[in-house]
Amino acid sequence: MQTLTRLALLTVSALACSCSALLAQEATFAVTAREVGAPSYNPITGTRLNSANSLIFDRLLLQDTDQSFHGALATSWEQTPDGMQWTFKLKPGVTFHDGEPFNAKTIEWWIPKFAGTENAYMVANIDKVEVVDDLTVRFLMKAPDPNLLFNLASSFMGIPAPKAYDELGDKFGVTAAVGTGPYKMQSFTVGQSTVLVRNDAYTWGSDLSVNRGPAKIKTITVREIAEDSTAFLELQTGGVDLLYTVPTDFLPRLKAEKSIKVMMIPGTEIVYMPINVTVEPFTDIKVRAAAAYAVNQKAIWQTLYGGVGAPANSFLISSLQESRIDPKVAIAYDPDRSKKLLDEAGWTVGPDGVRVKNGQKLQVKLWTSNGTEFKRITEAVQAQLKDVGIQADITVFDPSSINAQYKKKTEHQLAVRSYSWTNADIIDWFFSGKRLGYPNVSMLNDPKAEELNDLAMTKARTWDERVANFKAYHEYILSQYAFAPIYEPANIFAYSTRKLKLPEVVRGTRLTSQTILDAEVTK
Amino acid sequence: MFGYFIRRLLLLIPVFLVMSAVVFAIVHLVPGDPIDNMLQIGSSPERRAELTAKFGLDRPLVVQYGVWLDRVFHGDLGDAIILKQPVVSLILANLPHSLALGGLALAFSASVGIAIGALATFFRDSWFDRSVMTIILMGATVPNFWLGLLMILVFAVELGWFPVSGARSADALVLPVLTVGLGGVALIARVTRAAMLETARQDFVFMLHAKGLSKRQIYLGHVLRHALLPVVTILGLKIGWVVGGAVTIEYVFARPGLGSLLISALNQRDYPIIQGCLLMLGIAVMLGTLVGDLAQAAMDPRIRDGMR
């Protein structure tokens, strides 16, 4: 009898196991507006890549939420004290989807491929790649580059298969994309969908995943849905199992859904208000400071975003070391100081509450891009500026038009915009005197800023030196009130618990392959 | 009839040239350019200049237009700047989806619109006439973007009858077709009703009444047939709509098609795609008008005679 019971139990367990294995391990993910329309999966030449890219291509390194670096295709790395050489040890036994081996020769082929592309700057300081042995590669540098690890961890640093890349030419990433990642690209229709199938040979996941491979989900269809409402309804009805980016507007409704889990990871974006320092009345630093102190970051964070994300008080995301600045230069809401500064600048309150100087009203242009979220923030900023006596008139542009308008250099005064980037060199992009108009919308171009820019961008030998230099540059930009920080959104994604199971903690700066490796279909 | 067709066809040549110039000018005079969307954070101003020159965007606009027009006459719409694929292939890949959506929507609009218009005339001034026409008027004023979302909420989310979006199955076409088609139903029903009422006041209809024909025979057998002339004109104009009339609906329903392609290209200022799509839409409207005119001429000898 006992034997029979044991047999029955064993049969039931075996059946349960086989049922689990037989589950159709298929899932549909969706990317929304920001990622829709990425033209290809070519990490070398691409300037826009969607989230599926990380599932096809591995990089040498990955960056965790705390900005620390972890080996992906590299097992270890070291830098010489003068910063002129970097040596990387590579993982053994790695193969591309087409069966070709990944080794030091791949890296020797890969780095020069960036020449003449938009991403060339990421490896610009590498002079030569030396193959030490089959699994060791050395970069001989033109100049020390403490930012090299960050660049190598970027999504544009996915390593393609040399043979397929050279054979396909411009078609690589469009008709086929071959990497070493946990998924192979089966099909890609630009603007519509990408079908990925599991790479069963994959066993080289990083230490950011519990499962080192192969992935548990067999087939993933990544759909591109431009309209946020449609994407949200697809998730609600089960048409989509995971939504990569959830607009904050939908959070309350998603949280109310029992079968949907909302997850947040630290943000990579800053919403801010650039101030054109070359146009009246903002040539006066007191007026710039007054406008910056009039912005109530906490009110926007609480009322518009329900306390999700964080109020921003500097130009960089809070996980970066360079964002830990002297509190004296941080910009936070201070209406009394704002009003006092305007008084000192000679702008007195007029009968209608708008300040006046020499018979001229303090009336300025406030530009923004189309999109509900931008408009809402801009309207809030408009009201806050009015509270201190600045009348701001809003004009809404589409993203391409607004950049063209900025390039006219003197047409704009204030604007509400955002960027998404996880490195302090974004300050160079938006405040360098070489890029006046756009992207340097603030038009800041003074010798001190340029000197600090040069120090930060080219003179650091080590990571710590770089952090110190960027911190000094960042603090100087803040002290010039060339912008007002507004809001730091969180990265929010959501998935159906009816269908998927994801790890409780998401590692990495974004939802990428390390988390998807641990994901499984449960129903 | 053949002479009429040739004359109408020749008239399309100057129209095409003017349209191509307008399309090109509109695309290039709108602020912004594709290079902004190609630059990566860290790109130098020199790189910008290099890319601008690479795509010939630094040349005078007239020269750029000449080069483009020459290509168009050779059947080549160029390569997309951002998507880096031939525009013709992109259009051909998306066209079947737009034709399916637009064609079915037009068929739906025409059949339902004519039927409602005819019934409203038949039951003129009844509660049916008034209520149907009021509903139709309301339907015509609802933006189809909003109507699309409403359709999704009711038929996909609440009732679960159809998929929310996409183009992976035939039933995914139902809601977009209804959304696009309903706007056309309103117009066609109103035109049909107005034309039938106008025809019903003509002498020959009184004669038919006098001859003892039933109301149904008169309205369906004679009045409707005579009233179809303006409806055919409207349908001819709507053929252009078959190709590109569902721009926002493709976006809402996340469907492939010329509309989705155009919106994506507009956001990125991918000039060759925008020019190619607008040209296609223009040609579709021109050909639609031609088909409408030919159909009218076939139905009404007075039009043919007038062209002689």
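The values are calculated or read from the model by the stated rules, or taken from the named source; none is laboratory data. Please read all numbers here as calculations on a predicted model, not as lab measurements. Neighbour counts run over all protein chains shown; Cβ positions are idealised from the backbone, glycine included. To get the accessible areas, we keep the full protein, side chains included, count just its heavy atoms, and leave off ligands, DNA and RNA. Shrake-Rupley method; radii C 1.70, N 1.55, O 1.52, S 1.80 Å.
Using the structure shown, decide if A:ASP398 is at pLDDT below 95 and of a type in the set (D, E, K, R). Before the answer, list the steps.
Working: at pLDDT below 95: yes; of a type in the set (D, E, K, R): yes.
For A:ASP398, the condition - at pLDDT below 95 and of a type in the set (D, E, K, R) - is met.
Inside the range A:71-91, can you point out the residues that are of a type outside the set (Ser, Thr, Tyr), open to solvent by 30 Å² or more (accessible area, probe 1.4 Å) and part of a strand (DSSP E or B)?
Across the range A:71-91, the qualifying residues are A:TRP77, A:GLU78, A:GLN79, A:GLN85, A:LYS89.
Here are some residues: B:ALA100, B:ALA105, B:ALA93, B:ALA80. Which one is out of contact with any helix residue (DSSP H, G or I) (no Cβ under 8 Å at 6 or more places or on another chain), under 26 Å from A:SER193 (Cβ atoms) and surrounded by 14 or more Cβ atoms within 10 Å (Cβ to Cβ)?
On the way: B:ALA100 fails: out of contact with any helix residue (DSSP H, G or I) (no Cβ under 8 Å at 6 or more places or on another chain); B:ALA105 fails: out of contact with any helix residue (DSSP H, G or I) (no Cβ under 8 Å at 6 or more places or on another chain); B:ALA80 fails: out of contact with any helix residue (DSSP H, G or I) (no Cβ under 8 Å at 6 or more places or on another chain).
Among B:ALA100, B:ALA105, B:ALA93, B:ALA80, only B:ALA93 is out of contact with any helix residue (DSSP H, G or I) (no Cβ under 8 Å at 6 or more places or on another chain), under 26 Å from A:SER193 (Cβ atoms) and surrounded by 14 or more Cβ atoms within 10 Å (Cβ to Cβ).
Collect the residues in the range B:154-167 that are farther than 13 Å from B:PHE253 by Cβ and facing another protein chain (nearest Cβ under 10 Å), keeping them in residue-number order. Give the steps one after another, and end with the answer.
From the range B:154-167, those farther than 13 Å from B:PHE253 by Cβ are B:154, B:157-161; that's our starting set.
Once the filter is applied, which keeps residues that are farther than 13 Å from B:PHE253 by Cβ and facing another protein chain (nearest Cβ under 10 Å), the range B:154-167 yields B:VAL157, B:GLU158, B:GLY160.
Which of the residues that make up the range B:63-121 are away from chain A (no Cβ under 14 Å), over 22 Å from B:LEU173 (Cβ atoms), free of Cβ contacts under 8 Å to residues at least 24 places away in the same chain and part of a helix (DSSP H, G or I)?
Correct list: B:VAL63, B:GLY66, B:VAL67, B:ASP70, B:ARG71, B:PHE73, B:LEU119.
For the range A:384-407, which residues satisfy the criterion of being acidic (Asp, Glu) and either within 14 Å of chain B (Cβ to nearest Cβ) or in contact (Cβ under 8 Å) with a residue 60 or more places away in the chain (or both)? Reasoning before the result, please.
Step one: of the range A:384-407, the residues acidic (Asp, Glu) are A:387, A:393, A:398.
Hits for the range A:384-407 are A:ASP387, A:ASP398.
Let's see how each residue does on (1) within 29 Å of B:LEU147 (Cβ to Cβ); (2) open to solvent by less than 10 Å² (accessible area, probe 1.4 Å); (3) of a type outside the set (A, V, I, L, M, F, W, C):
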| residue | (1), (2), (3) |
| --- | --- |
| A:ASN199 | no, yes, yes |
| A:TRP204 | no, no, no |
| A:PRO214 | no, no, yes |
| A:SER229 | yes, no, yes |
| A:LEU242 | yes, yes, no |
| A:LEU254 | yes, yes, no |
| A:GLU257 | yes, no, yes |
| A:LYS261 | no, no, yes |
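Pull up the range A:478-512, narrow it to residues that are small (Gly, Ala, Ser) and open to solvent by less than 10 Å² (accessible area, probe 1.4 Å), then point me to the one that is nearest to A:ALA33 (Cα to Cα). Give the derivation first.
Step one: list which residues in the range A:478-512 are small (Gly, Ala, Ser), which gives A:479, A:482, A:484, A:490, A:494, A:496, A:508.
Retained after the next criterion (residues that are open to solvent by less than 10 Å² (accessible area, probe 1.4 Å)): A:482, A:484, A:494, A:496, A:508.
Numbers: A:ALA482: 29, A:ALA484: 26, A:ALA494: 16, A:SER496: 20, A:GLY508: 22 Å.
Filtering the range A:478-512 for residues that are small (Gly, Ala, Ser) and open to solvent by less than 10 Å² (accessible area, probe 1.4 Å), the one nearest to A:ALA33 (Cα to Cα) comes out as A:ALA494.
Being within 21 Å of B:VAL112 (Cα to Cα), not polar (S, T, N, Q) and not in a helix (DSSP H, G or I) is the filter; apply it to the range B:123-161 and report the residue that is nearest to the chain's Cα centre (by Cα).
B:PRO143
Which is outside any loop (DSSP other than H, G, I, E, B), in contact with a strand residue (DSSP E or B) (Cβ under 8 Å, 6 or more places away or on another chain) and in contact (Cβ under 8 Å) with a residue 12 or more places away in the chain, of A:ALA299, A:ALA291, A:ALA380? Steps first, please.
Details: A:ALA299 fails: in contact with a strand residue (DSSP E or B) (Cβ under 8 Å, 6 or more places away or on another chain); A:ALA380 fails: in contact with a strand residue (DSSP E or B) (Cβ under 8 Å, 6 or more places away or on another chain).
After ruling out the rest, the residue left standing is A:ALA291.
Restricting to the range A:434-461, name every residue that is assigned to a helix (DSSP H, G or I), in contact (Cβ under 8 Å) with a residue 12 or more places away in the chain and either within 11 Å of chain B (Cβ to nearest Cβ) or polar (S, T, N, Q) (or both). Give the steps one after another, and end with the answer.
First, pick out the residues of the range A:434-461 that are assigned to a helix (DSSP H, G or I): A:434-435, A:447-459.
Keeping just the survivors that are in contact (Cβ under 8 Å) with a residue 12 or more places away in the chain gives A:448-450, A:452-453, A:455-458.
Listed by number, the residues that qualify are A:ASN453, A:MET457, A:THR458.
Can you find, within the range A:324-350, the residue that is modelled with the highest pLDDT among those that are in a loop (DSSP other than H, G, I, E, B) and open to solvent by 60 Å² or more (accessible area, probe 1.4 Å)? Write out each step before concluding.
Within the range A:324-350, the first condition is being in a loop (DSSP other than H, G, I, E, B), and the residues that meet it are A:324-334, A:345-347, A:350.
Pick out the ones that are also open to solvent by 60 Å² or more (accessible area, probe 1.4 Å) and you get A:324, A:326-328, A:333.
Working: A:ARG324: 94, A:ASP326: 93, A:PRO327: 93, A:LYS328: 92, A:TYR333: 97.
So the residue we want is A:TYR333.
Taking the condition open to solvent by 30 Å² or more (accessible area, probe 1.4 Å) and either touching a Leu at 6+ places or on another chain (Cβ under 9 Å) or not acidic (Asp, Glu) (or both), does A:ALA383 pass?
Working: open to solvent by 30 Å² or more (accessible area, probe 1.4 Å): yes; either touching a Leu at 6+ places or on another chain (Cβ under 9 Å) or not acidic (Asp, Glu) (or both): yes.
Judged against the criteria, A:ALA383 is a match.
Somewhere in the range A:46-54, is a residue modelled with pLDDT of 90 or more, in a helix (DSSP H, G or I) and surrounded by 10 or more Cβ atoms within 10 Å (Cβ to Cβ)?
Yes; the residues of the range A:46-54 include at least one that is modelled with pLDDT of 90 or more, in a helix (DSSP H, G or I) and surrounded by 10 or more Cβ atoms within 10 Å (Cβ to Cβ).
Hey, A:SER259 hits all of (1) within 11 Å of another protein chain (Cβ to nearest Cβ); (2) modelled with pLDDT of 90 or more but one; which does it fall short on?
(1)
Look through the range A:230-255, keep the residues that are free of Cβ contacts under 8 Å to residues at least 12 places away in the same chain and within 14 Å of another protein chain (Cβ to nearest Cβ), and return whichever of them is farthest from the chain's Cα centre (by Cα). Before you say what the answer is, go through the steps one by one.
Step one: list which residues in the range A:230-255 are free of Cβ contacts under 8 Å to residues at least 12 places away in the same chain, which gives A:230, A:233, A:237, A:255.
After this cut, where a residue has to be within 14 Å of another protein chain (Cβ to nearest Cβ) as well, the list is A:230, A:233, A:237.
Working: A:THR230: 23, A:LEU233: 25, A:THR237: 28 Å.
Per the criteria, the residue is A:THR237.
Any idea which of (1) at the interface with chain B (Cβ under 8 Å from one of its Cβ atoms); (2) acidic (Asp, Glu); (3) surrounded by fewer than 19 Cβ atoms within 10 Å (Cβ to Cβ) is the one A:GLU224 doesn't satisfy?
(3)
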